[in-house]
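Each remark here refers to the structure printed beneath this line.
The values are calculated or read from the model by the stated rules, or taken from the named source; none is laboratory data. All values reported here derive from a predicted model rather than from experimental measurement. Reconstructed Cβ throughout: ideal geometry from the backbone, glycine too, with neighbour counts over all protein chains shown. Just the protein is used for accessible areas: all its heavy atoms, side chains included, with ligands, DNA and RNA removed. Shrake-Rupley method; radii C 1.70, N 1.55, O 1.52, S 1.80 Å.
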Amino acid sequence: MTCPNCGQRTDPTDLGCPACGEVLLALPVGTRLYHRYRILRALGRTGGVSYLAEDEEHQRQVLLLEFFPLGSRRLGTLVILPDGAAERKDTWMALLRGRADVMGASLQRPQGIFEQHGTGYAVTSLPLGESLQMRVEAGRRLNATEAMDMLVALAQGVEELQRNGRPDRQIAPSRVSLTLAGARLDVGWGEDLAPAYVAPEQLMSPPRTGPASDIYALAALTFFALTGEVPPTAGQRALGQPLPALPAGLPVPLRLAIERGLTLSSGERLPDAAALLRLLKSSAPSAAGTAAPTLSPKVQVIAAHRSWLTHLHSDGVNIVTAGADLRVRVFDRHGQSLGQYDGLHGTPTGLGMGEGGIVIGDNSGTVTVWDGSSGIARTEAGRSHMTHLVVRQGDRAVTIQDDGSLGVWDLGGPRQVGREPFRPGQLTALHVTTDDALLLGTVDGRLQLFDEAALLTMTLWQHPERRAVTTMASSPTVPGMKAAATGRSVTLIDLDRAVLTLEFQESVSAISFSPDGTALVVAGRSGGLHYVELQTDQRRVLHRSSAPLRAVAWTEALLVAGNEAGQLLIVPNPT
């Protein structure tokens, strides 16, 4: 067999051409499936083939998965599966159907499932992500921060599955994808269980599986991610083979999660994903090495959404929330519900106020303008999926598209009126300052100012270790003062110079300056809401949420936050 791209001779077992990397045995570009999905290009091949495709019905790009295990053949578009693979295909399709109605950002959720040409297909949202197994096998192990973030994200997804009665029982590194948005548990390809990640009770006859079996697998794959070594199987350990040592200096909650998760007796193991999350979010020393003093204000907790509360906006009078349950809600400053809108087409990617009302972007590529009271809204689908949206002066919005470009919107329609290309995957954060300047965060740690007139970007600052910028904020009172979050740190930048770096014991998900610009509030993925007085660097924990925080907004009258349990938190103003 030869590579269709470069002519290099290939082995029948090769997944990609050893010379040029072309995905072998993939469907040709332009192939249409299910009368609506057009293949744009093959992205990779493992237990199946992953494609970038266009959903012609909704005019958006999607990730298309084709069940195509090793040994499969193709006659035109017809797939001939090897002996025994049909049962695996049925298992894969059943797993997909079980995921279809379970929400969760760290779960790969199929948007469409169908069979055609002798095999099965699933449609999911981009990006493809990087396989944890392939990354570690390439010699790029995860550090403690990356491993902690990965385990928290995966535990949240598994907890969602367990709570909905959809246990996984087949968790392994090959089914974990690492994306800019965090770790994701994929559906896999119906593979056989990987022995190193199988709990001992799963080896019994009959198997005695339970929620603790998933915890064993999560602990084992985190061990693999940190050490680069596949852990001994449960059978080998039962015969006396010890686990290799974990790296020194791990955070105590992470070390305990791995050690307790790998306990051979299921009765002595962490019982479920909820218990694992509680352990991972347990108190840890502050950056200074001593526990930060904690306030105990009367935080008002409101059940706003059935899934993650992803975005917040407040004008000091009303509070607007958007959630992964595809709902937008409006509350007054006391937490009383004033209205809701249930018509989003995908998970929210941005929220703001325009001249015509509340503006919401979602990952289907749709921008919605809702008046905030009725059930009537104006919507328009963009040219591709989007990952971020911000609202600007002049009834405009800017989005980051999943092809890497910036989309420019007129909210009077709404309609997309322009597009500025960037390298795919380059942009990771978007922010508009009080004077309407557009700031960009990048995957290599740059904070950039975008000059629309000249169509140029100017780098104001770059993280010394080039860690991706995940979120940004700007001072409402000090021109040129900005804050950029990278992992567990927040850096203050005055014009183009870093003046202060704040370290935290959890990854930062959102930041906001105080209305007078003298303080900063930092929301963490382990649930901490941190207050920092900028002149003195004095800190305190305002609240410890029961779930990871996702959003925060601070006005003169209100400090509000939202978490992954769908809760709106109204916090007494700390200043």
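Here A147 fulfils each of the conditions (1) at pLDDT below 90; (2) aliphatic (A, V, I, L, M); (3) surrounded by 18 or more Cβ atoms within 10 Å (Cβ to Cβ) apart from (1). Starting from residues that are touching a residue at least 24 places away in the same chain (Cβ under 8 Å) and over 23 Å from D371 (Cβ atoms), keep the ones in the range 408-424 and report whichever is most open to solvent (accessible area, probe 1.4 Å). The extreme case among them is R419.
Annotation for the range 236-254: no member residue is crowded, with 19+ Cβ neighbours inside 10 Å, over 30 Å from H530 (Cα atoms) and modelled with pLDDT under 90.
Okay, residues lined up against (1) farther than 24 Å from L161 by Cβ; (2) over 23 Å from the mean Cα position of the chain (by Cα); (3) of a type outside the set (S, T, N, Q):
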position	(1), (2), (3)
L203	no, yes, yes
I215	no, no, yes
A220	no, no, yes
A225	no, no, yes
A234	no, yes, yes
L246	yes, yes, yes
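Residue count for the range 25-58 under the criterion of being within 16 Å of H117 (Cα to Cα), open to solvent by 40 Å² or more (accessible area, probe 1.4 Å) and not in a loop (DSSP other than H, G, I, E, B): the result is 2.
Just for the range 517-542: of the residues that are in contact (Cβ under 8 Å) with a residue 40 or more places away in the chain and open to solvent by 40 Å² or more (accessible area, probe 1.4 Å), which one is nearest to G323 (Cα to Cα)? Here the residue is R525. Set side by side, the residues R45, R109, R99, R88 differ, and just one is closer than 17 Å to G188 by Cα, touching a Gly at 6+ places or on another chain (Cβ under 6 Å) and touching a residue at least 12 places away in the same chain (Cβ under 8 Å), which is R88.
Annotation note: Cβ proximity below 9 Å between a residue of the range 186-207 that is at negative phi and without any contact (Cβ under 8 Å) to a residue 12 or more places away in the chain and a residue that is assigned to a helix (DSSP H, G or I) and open to solvent by less than 40 Å² (accessible area, probe 1.4 Å) (sequence gap 6+ or interchain) occurs for P207/E201; P207/S213. For the range 255-280, filtered to residues that are basic (K, R) and surrounded by fewer than 21 Cβ atoms within 10 Å (Cβ to Cβ), the residue that is farthest from G527 (Cα to Cα) is R260.
Taken together, the residues in the range 85-110 that are modelled with pLDDT of 85 or more, open to solvent by 40 Å² or more (accessible area, probe 1.4 Å) and over 22 Å from L24 (Cα atoms) amount to 5. Note on the range 196-214: residues that are over 23 Å from A153 (Cα atoms), at pLDDT 90 or above and either aromatic (F, W, Y) or open to solvent by 80 Å² or more (accessible area, probe 1.4 Å) (or both) total 0.
All conditions in (1) acidic (D, E); (2) in contact with a Gly (Cβ under 9 Å, 6 or more places away or on another chain); (3) assigned to a helix (DSSP H, G or I) hold for D214, with the sole exception of (2). So, L180, is that one open to solvent by less than 60 Å² (accessible area, probe 1.4 Å) and hydrophobic (A, V, I, L, M, F, W, C) or not? When the stated conditions are applied, L180 does not pass them. Within the range 66-85, being out of contact with any helix residue (DSSP H, G or I) (no Cβ under 9 Å at 6 or more places or on another chain) and part of a strand (DSSP E or B) holds for E66, R73, R74, L75, L78, V79, I80. Considering T477, T471, the condition of being within 29 Å of E556 (Cα to Cα) and in contact with a His (Cβ under 9 Å, 6 or more places away or on another chain) is satisfied by T471 alone. Restricting D451, D444 to residues that are open to solvent by 20 Å² or more (accessible area, probe 1.4 Å) and over 26 Å from G129 (Cβ atoms) narrows the list to D451. Taken over the range 281-311, the criterion of being at pLDDT below 80 and over 20 Å from V521 (Cβ atoms) is satisfied by S282, P285, G289, T290. In the range 229-242, the residues that are over 22 Å from R135 (Cβ atoms) reach residues that are acidic (D, E) and not in a loop (DSSP other than H, G, I, E, B) with C-beta atoms within less than 9 angstrom, at least six apart or across chains, in these pairs: A234/E201. Against the numbered list (1) surrounded by fewer than 19 Cβ atoms within 10 Å (Cβ to Cβ); (2) closer than 17 Å to R466 by Cβ, D494 comes up short only at (2). The set of residues in the range 86-108 being closer than 18 Å to R169 by Cβ, part of a loop (DSSP other than H, G, I, E, B) and not hydrophobic (A, V, I, L, M, F, W, C) consists of G104, S106, Q108. Here R392, R419 are screened, and the one residue that is among the charged types (D, E, K, R) and within 21 Å of T555 (Cβ to Cβ) is R392.
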